Structure formats: C-alpha cells, structure tokens
Amino acid sequence: MSNIDRIVETEIFVGGAARPASTGATYELYNPARPSELVGRAAAASAADVNAAVEAAHAAFPAWAELSFEERARRLREVAKALTADAEDVNYRSRLFSREHGKIARETLLEMSRLGDRFLQAAAYGERMAIDETMGPAPVGPAFDTIVTRQPRGVAALIVPWNWPLSILGAKLPQALVTGNTVVVKPAENSALAPMLTLQIIARMLPPGVVNVLTGSSREIGDVLTGHPLVRKVNFTGSVAVGKHVMKVAAENLTPVTLELGGNDAALMLEDIELNNAVFDRMYWGAFGSSGQICMALKRMYVHESRYDEVVEGFTAACERAVVGDGLLPETTMGPVNNARQLKVVTDMIAEARAKGAEVRECGQVPDEALYSGGGYFQKPALVYDADPGLSIVREEQFGPCLPILKFRSDDEAVALANDSDFGLCSSVWTPDPERALRIARRLEAGYTYLNGHGPMAQDGRGPFGGVKNSGIGRNLGYDGVLAFTEAHSISGPGGFLL
Ligand code: TXE
C-alpha cells in the first residue's frame, strides 16, 4: 500500500474547527472491492454533537444572513476555486473516495469538479436574487411600492446518501449558503471520509459555524438533527422510507422539507430512434454509470416492438464492453456495488427474474477474476430481456447494475407503461423528432425528462431537479432550488414611498 493509500482518520467539524466526537467514538470504513481492506475511521457523532453543531450554525446565522447576496456570491466563487486548486490534494481525495466507495476514478474526479461548478452556479443565482429583489412584483394593480425580499430560513440540515455525496451536496449546499442560511451537513455513514475532507476545505473558508459537518450513525443522530427546534429547513436525499420518516419528524416543528427520494426512470425508445454506437454508449452510461447507483439512472428500458431486436443487440454489445473491477484502475468502467445490502437487492432481483423464466444475460469483461470472485460487492451488468412487468426488477428501484428491457406497441402505451410506477423522478424519450419528443415528455409523470440521453451526463444543472409521487417533494438545483432555501417577505408602502 503506497503512502497515498494510508488509513485515514476524520473528525467532525463544528463551529469552525475539526474535533473528535464528544464520546471519542469512531467507526471503520472498508473498501467495497476488497471488504477486508480498512480504508479509514470516521468520527461517530453523538446527540450532544448534533446540538453543538446546530447551536454553532444558529450563532453564525445573523452575521452570515446580513451579508449581501453579492458578498456571499463572491465568497462562493472563492470556495469554488479552492476546491480544485491543489491538484495533488484533489487526486488524493478522489483516490480515497474510490477506495471507500468503489466508484471508478473518472467519476470521483467528476464529483470533485462538479461541486465547484455548482458553487459557481449558485453564486450567479445569488446575484440574480439581488436584482430580482429590487424589481418588485409585476407593475399592475393598486398604487403600492412593494419589495419582495427573500429571507434565509436559518439553520438548514443537509442530508446526503452514499451514492454521489458531493454532486448531491452541490445541489443544496451552495444554494443554502448563497441565500444566507447556515448549515449542518450529514453525509452517509459509508461515504464519509473524502466527503468530510472536501467539506472541510469549504467550511474553513467561511466564518466559523456557517458550515458544520457530522459523520456517524443515523440512528444516533438522524432524528436529533431533523427534529431540532433550531433547524428551519431539512433538505434530504435518500430512500423513500427514510424520507417519509424525516418528514414526520420535521413536522413536529413545522420545519419545511425538500425530499429527493428514489426513482424508477423509464426510457422510451420510439420506433424512429436513430441507432449507432454513440447512442448505445449513452444508453449504457445512462443505465450503468456508477454501477447503476444513481437516482436519475435509466432503470426501465421500453423499446418499440419494431426496433426491439436492434436495440437489444446494440445495447447488449455496449454492456459487453464494460470492464468490471477495481475502480482505481484506469481501464475499469464499472466498480463494485457500494455495500453488501445493496448487492443483495440486485442479486435477488436477478435471481427472481431467472426463477420466473426470464432470459437474463450478464455482460462485461472481468480482467481480474480473483478480485471479482474474492468477496467484493461485484456484479456484472445484467440485462433481463422482454421482462414481465410484474417482476420486482421492473416495479422497484434496482439501484445497481441490472436492467429490464420491455416492448411497447404505441406512443400511448409507452406513456402508460412509463407512468405505471410509484415513482416519478426522471424519464427519457429517444427520437429524432423534437415535436414528438416534447408531446410525449409533457405527458410523463416525472420531475425531469431527458431527450436522447439519460442521467447525469444528459442533465442541465439549470433545470430544477426533483420528483413527483414517491420520488419526493420540492426541487433542488436551478433557480427554484435556490428559492427553496428562502421564504418570501413582502414589504409595502404607499406608492412613491419606497421606489
Ligand atoms: O438510504 P437512506 P441509503 C435508495 C436506494 C438505496 C436505499 C438505501 O434504493 O438502496 O435507498 O440507501 C441518512 N434521520 N436510495 O441507506 O437510509 C443516512 O445516514 C436523518 C435512492 O443510503 O435513506 C444517509 O445520510 N437522516 C436515492 C441518508 O439519510 C437519516 C439515493 C440516506 O440514507 C435517518 C439514496 C434519519 N432517521 C438511496 N436515517 C436516490 N434515488 O437518489 C438515515 N439517514
């Protein structure tokens, strides 16, 4: 093991300084590719640490809220620069992230750079808010002078899952900060080391208490945080079950929530779809980027029956090009699944499909068989052809490297099948005809519809992001995602008094 891969120990970050948890407790994180390899230890925060973090954020709030939007935007731009200023450190954190998470190197690097990009985007929205505030409401109605200010809410609790912690934080942290909130961030237990080191870069550049970060068991600290009376906004990304629980706990204090929960995204391949290797590769990354562990991944593929064989052939070939193995190796395109529980969800779905007679093909190349079968959480991309709509691989979110492919006969049927889901996060329509694409997209029950692509690589970060039905409440990203961290405050006087 080289020095760059030494065992890391991270602390919590409260009120401007890193320190151990109040109990001194830590927990261990292991490499999903080699589950006996210890990667590091993270501090296990206690309820007392939650109180300290929330109180630090509360104390820092008035001064931070008082700064102008422009001043906070300026600080966010400085943070964005600092996040990628030290190439060696970026490389170190990316590697660490691959080892604790399983992600391939190109994804960990993307996470590092995307976070900075989102700070820049939020800074621009902050400046837009400053302008909007002085514009007042539309110039109709009685003669009042009215300014609509956007007040920050106060302390925001930001909770992120293990799959893309930094990108997901990029959709809530800079937006919370630019609008004048202070925050307590809680990364997931099993994706904590590189996120903590990255968050500390941010926290150290801002006044003490503006950004606080807690790692540890959600059982110990989750409800204490979301139910804390000084927390004025909860922004959660994670599972449906925990999202519903968080909403109940937050309801005690009428704390507003934004919930970004699971997805079971349908992709509709229309009969006029144009097919070539680049399109098949886009389908592959839409479905199997991050080993399929992405909320907005392509999770149900519906193909017009007249093009089914062609799509299956080309897409299977793209999946066969996958190189499954250690995420640290440059040739790897698919790392392990993040944890044993998630792997079991996926392998159970595949086993159920097989048991019910479906044709299943496990694709991809495995250069290191010993590693693949050595106890790591590996699964090659598995395709279930002509899947029965009742299979759990169709009904449930897989969140891993398996995918059902199904047929449809008409646009109406495709829309009905796509909408026949408890989820409504994203979807996609694949056709060269823009009018037809739009017509169908408007009928899909989803917060985001991609055209001729799917997933993070097809997403415009200026669009608000979130879901309908079980996929959640509210929006992150875009201007809506910034406004969600504020409450409107109207200030009126007689005409001519203010403006
Ligand atoms: O989610 P959890 P996990 C789905 C996906 C995955 C499953 C479980 O199917 O297999 O959810 O993933 C924190 N109060 N998605 O375990 O448990 C927890 O510590 C406050 C889909 O990651 O919901 C972590 O930081 N916080 C989804 C975060 O909540 C609590 C993305 C998410 O944990 C808490 C992630 C509590 N009581 C998972 N309990 C998507 N589609 O984007 C837990 N947490």
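The values are calculated or read from the model by the stated rules, or taken from the named source; none is laboratory data. Fair warning: this is a prediction, and the values are worked out from it, not measured in the lab. Here Cβ is always computed from backbone atoms with ideal geometry, including for glycine, and neighbour counts include all displayed protein chains. These accessible areas exclude ligands, DNA and RNA; they are computed on the full protein's heavy atoms, side chains included. Shrake-Rupley method; radii C 1.70, N 1.55, O 1.52, S 1.80 Å.
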Task: Cα centroid separation - region 430-499 against region 1-57, whole Å - done: 35 Å
- [ ] Identify, among Ile393, Ala351, Pro330, the residue whose Cα sits farthest towards the positive end of the charge dipole of region 317-409, taking +1 on the Cβ of Lys and Arg and -1 on the Cβ of Asp and Glu, with the dipole about the Cα centre.
- [x] Ile393
- [ ] Report Rg (one decimal) and Dmax (nearest whole number) for region 288-363, counting Cα atoms only, units Å.
- [x] 14.0, 41
TODO: Go through region 396-499 and name the trypsin sites (Lys or Arg not before Pro) that are in a DSSP coil and have 14 or fewer other Cβ atoms within 10 Å of their Cβ.
DONE: Arg409, Arg462
TODO: Report relative contact order for the chain in percent, whole number only (criteria: Cα-Cα under 8 Å, sequence separation at least 6).
DONE: 18 percent
Open item on the list: What FRET efficiency comes out for Glu66 versus Ala317 if R0 is 35 angstrom and r is the Cβ-Cβ distance? Round to the nearest 0.05.
Closed with: 0.05
Task: Spacing of the two label points (7 Å from each Cα toward its C-beta) at Tyr385 and Leu275, in nm - done: 1.2 nm
Open item on the list: Checking the cross-link filter: which lysines have an alpha carbon closer than 30 Å to that of Lys380, excluding same-chain neighbours under 8 positions apart?
Closed with: Lys103, Lys299, Lys344, Lys356, Lys407
- [ ] Name the long-range amide H neighbours of Gly154: under 5 Å, sequence gap of 5 or more, or other chain; modelled H, no Pro or chain starts.
- [x] Thr182
TODO: Would you mind computing, in nm to one decimal, how far apart the modelled labels at Glu359 and Glu413 are, each placed 7 Å from Cα along Cα→Cβ?
DONE: 1.8 nm
- [ ] List the relative contact order of region 427-499 as a percent without decimals, with contacts defined as Cα pairs under 8 Å and 6+ residues apart.
- [x] 21 percent
TODO: Work out the FRET efficiency for Arg106 and Arg6 from their Cβ-Cβ distance, taking R0 = 22 Å, and round it to the nearest 0.05.
DONE: 0.40
Task: Rounded to the nearest 20 debye, dipole of the chain from Cβ charges on Lys, Arg, Asp, Glu - done: 1020 debye
Open item on the list: If I fit a long axis through the Cα atoms of helix 308-320 and take the longest principal axis of the Cα atoms of the chain, what angle between them do I get, 0 to 90°, rounded to 10?
Closed with: 70 degrees
Open item on the list: Could you compute how much accessible surface Glu189 exposes when probed at 1.4 Å, giving the result in Å² to the nearest 10?
Closed with: 60 Å²
Open item on the list: Can you tell me, using C-alpha contacts under 8 Å and at least 6 residues apart, the relative contact order of region 163-260 as a whole percent?
Closed with: 23 percent
- [ ] Quick one: net charge around Tyr308, please, counting Lys, Arg +1 and Asp, Glu -1 for every other residue with C-beta under 11 Å from its C-beta.
- [x] -3
Open item on the list: For Ser428, what residues show an amide H to amide H distance below 5 Å, using hydrogens built from the backbone and excluding near sequence neighbours?
Closed with: Ala266, Ala267, Leu268, Tyr450
Task: Shape call, region 1-80: gyration tensor on alpha carbons, a/c limit 1.5 - done: oblate
Task: Tail fraction, Cα-Cα pairs, the chain, threshold 36 Å, whole percent - done: 32 percent
Open item on the list: So, taking all protein chains as they sit and a 1.4 Å probe, how much accessible area belongs to Arg204, in Å² rounded to tens?
Closed with: 140 Å²
Task: Degrees between helix 193-204 axis and first principal axis of the chain (Cα, 0 to 90, nearest 10) - done: 20 degrees
Open item on the list: At 0.36 nm per residue, and after removing the present C-alpha to C-alpha distance, how many nm does the segment from Thr149 to Ala251 gain when stretched out fully?
Closed with: 34.2 nm
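Under a 1.4 Å probe, what is the accessible area of the chain per residue, stated in Å²?
Spelled out: the 1.4 Å probe surface of the chain, per residue, equals 39 Å².
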Open item on the list: If I fit a long axis through the Cα atoms of helix 277-288 and take the longest principal axis of the Cα atoms of the chain, what angle between them do I get, 0 to 90°, rounded to 10?
Closed with: 60 degrees
- [ ] Excluding residues on the same chain fewer than 8 positions from Lys233, give the lysines whose Cα lies under 29 Å from its Cα.
- [x] Lys81, Lys172, Lys186, Lys244, Lys248, Lys469
- [ ] Choose one of Ala57, Phe408, Pro161: the residue whose Cα lies farthest towards the positive end of the charge dipole of the chain (beta-carbon charges +1 Lys, Arg; -1 Asp, Glu; about the Cα centre).
- [x] Ala57
Task: CD proxy at 222 nm, helix term only [per DSSP H run n ≥ 4: -39500 (n - 2.57); per residue of the chain; nearest 500] - done: -12500 deg cm²/dmol
